[in-house]
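K.L.:
Once you've had a glance at the structure underneath, I'll fire off some questions.
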Amino acid sequence: MQLSTKHLLGIKDLTPQDISTILSTATEFKGVLQRQIKKVPSLRDITIVNLFYENSTRTRISFELAEKRLSADTINFTASGSSAAKGETLLDTVNNILSMKVDMVVMRHSASGAPHFLAKHIPAAIVNAGDGINEHPTQALLDAFSIKESLGTLEGKKVVLIGDIMHSRVALSNIYLLNKMGAEVMVAGPPTLIPKYIAEALNVKVEYNLKKALQWCDVANVLRIQLERQNQVLFSSLREYNLAYGVSKKLLDSLNKEIVVMHPGPINRGVELDSDVADGTHSIILQQVENGVAVRMAVLYLLSGAKPTAN
Ligand code: CP
């Protein structure tokens, strides 16, 4: 099995067949992760560098674990503590690392387009682990995997992305993926956090009333308010944001249906999501994190060009 692309830079570049292939391969790897011995030799002799120029907990650990489960050799690079702090360019850093015979690069960067730039200049396969406000493709893939696991299919399901759509790479990757796979997509939140022409540009519904959005959906994917990416005040206060757009247990109980609640993490508890929802029965947040390892194993395996192994 192969993907139509050498790199995973964004969901925008994937075909529906690519997405199906990644999700079905991830199902196989989830089976491996449930065995007593959770390791396969699929990427033996492949060396992967994890380049993290921006903070991360889930994605960094998940990629590293996925690589170890596949028996790859891994190198971890974080910008702080490296020669990037002395002014070395991204391309110089990567070329130096590649001269040590690295096969694949997993990269997170605060600049949108950084992995696309690298892909034009180096021969290694690149996996985008989140670039600025552009895309976070493996997050969308693990979200899709988790929805399929909960509801059986993506096709025809109604998914609402709630909150800071403007600054969210998770939102953009989810919108591309869900549209390609036949789900219905809505974005909901305050008008200041939703791009003006998103409905026409990306084929989504827009709703400014949280209760109406929740009443419409099968799945609510609640997004983090990205204060670090906002250079102006886009809502009055976190307290008022919570009152108008925070997902609470009381609100979920007032719906005449059951919905699935997701969040990519890290959560601002008491802002976009109350603790009794994050830790409650509607939430599949920790299943998302668990599924992330299998999904990243699938992506690395499919991009490595490795031959299938017997075990
Ligand atoms: N969901 C996600 O990307 O989390 P991290 O920033 O902790 O990697």
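K.L.:
Filter region 78-103 for residues that are within 16 Å of the ligand (Cβ to nearest atom) and open to solvent by 30 Å² or more (accessible area, probe 1.4 Å); which is farthest from Leu118 (Cα to Cα)? I'd like the intermediate steps shown before the answer.
P.N.:
At the first step, the residues of region 78-103 found to be within 16 Å of the ligand (Cβ to nearest atom) are 78-80.
Those left that are additionally open to solvent by 30 Å² or more (accessible area, probe 1.4 Å): 78, 80.
Working: Thr78: 17, Ser80: 20 Å.
Here the residue is Ser80.
K.L.:
Among Asp279, Asp253, Asp218, which is over 19 Å from the mean Cα position of the chain (by Cα), touching a residue at least 60 places away in the same chain (Cβ under 8 Å), more than 16 Å from the ligand (Cβ to nearest atom) and open to solvent by 40 Å² or more (accessible area, probe 1.4 Å)? Before the answer, list the steps.
P.N.:
Values: Asp279 fails: touching a residue at least 60 places away in the same chain (Cβ under 8 Å); Asp253 fails: touching a residue at least 60 places away in the same chain (Cβ under 8 Å).
Of the residues listed, the single one that is over 19 Å from the mean Cα position of the chain (by Cα), touching a residue at least 60 places away in the same chain (Cβ under 8 Å), more than 16 Å from the ligand (Cβ to nearest atom) and open to solvent by 40 Å² or more (accessible area, probe 1.4 Å) is Asp218.
K.L.:
Could you tell me whether Ala124 is free of Cβ contacts under 8 Å to residues at least 60 places away in the same chain and not assigned by TED's automatic domain parsing to the domain that holds Thr59? Give the derivation first.
P.N.:
Values: free of Cβ contacts under 8 Å to residues at least 60 places away in the same chain: yes; not assigned by TED's automatic domain parsing to the domain that holds Thr59: no.
The answer is no for Ala124.
K.L.:
While we're here: Which one of the conditions (1) open to solvent by 20 Å² or more (accessible area, probe 1.4 Å); (2) within 16 Å of the ligand (Cβ to nearest atom) does Leu33 fail to meet, given that it meets all the rest?
P.N.:
So the condition that Leu33 fails would be (2).
K.L.:
Could I ask something else about it? Only helices (runs of 4 or more DSSP H) wholly contained in region 1-108 count here; list those with 3 or more residues that are farther than 27 Å from Pro264 by Cβ. Let's see the steps before the verdict.
P.N.:
Working: elements: 16-33, 58-69, 90-98.
Hits in region 1-108: 90-98.
K.L.:
Still on this structure: In this structure, does Val233 turn out to be over 19 Å from the mean Cα position of the chain (by Cα), assigned to a loop (DSSP other than H, G, I, E, B) and either surrounded by 15 or more Cβ atoms within 10 Å (Cβ to Cβ) or at pLDDT below 95 (or both)?
P.N.:
Yes; evaluated as a whole, the condition is true for this residue.
K.L.:
Related question: Can you find even one residue in region 135-147 that is in contact (Cβ under 8 Å) with a residue 24 or more places away in the chain, surrounded by fewer than 24 Cβ atoms within 10 Å (Cβ to Cβ) and assigned to a loop (DSSP other than H, G, I, E, B)?
P.N.:
no
K.L.:
Evaluate the following for Arg60: is it on the phi < 0 side of the Ramachandran plot, more than 14 Å from the ligand (Cβ to nearest atom) and either crowded, with 18+ Cβ neighbours inside 10 Å or not hydroxyl-bearing (Ser, Thr, Tyr) (or both)? Let's see the steps before the verdict.
P.N.:
Numbers: on the phi < 0 side of the Ramachandran plot: yes; more than 14 Å from the ligand (Cβ to nearest atom): no; either crowded, with 18+ Cβ neighbours inside 10 Å or not hydroxyl-bearing (Ser, Thr, Tyr) (or both): yes.
No; evaluated as a whole, the condition is false for this residue.
The values are calculated or read from the model by the stated rules, or taken from the named source; none is laboratory data. What you see is a predicted model; the values in this text were computed from it and never measured. As a convention, Cβ positions derive from the backbone with ideal geometry for all residues, glycine included, and neighbour counts pool all protein chains shown. What goes into the accessible areas is simple: the full protein's heavy atoms, side chains included, and nothing from ligands, DNA or RNA. Shrake-Rupley method; radii C 1.70, N 1.55, O 1.52, S 1.80 Å.
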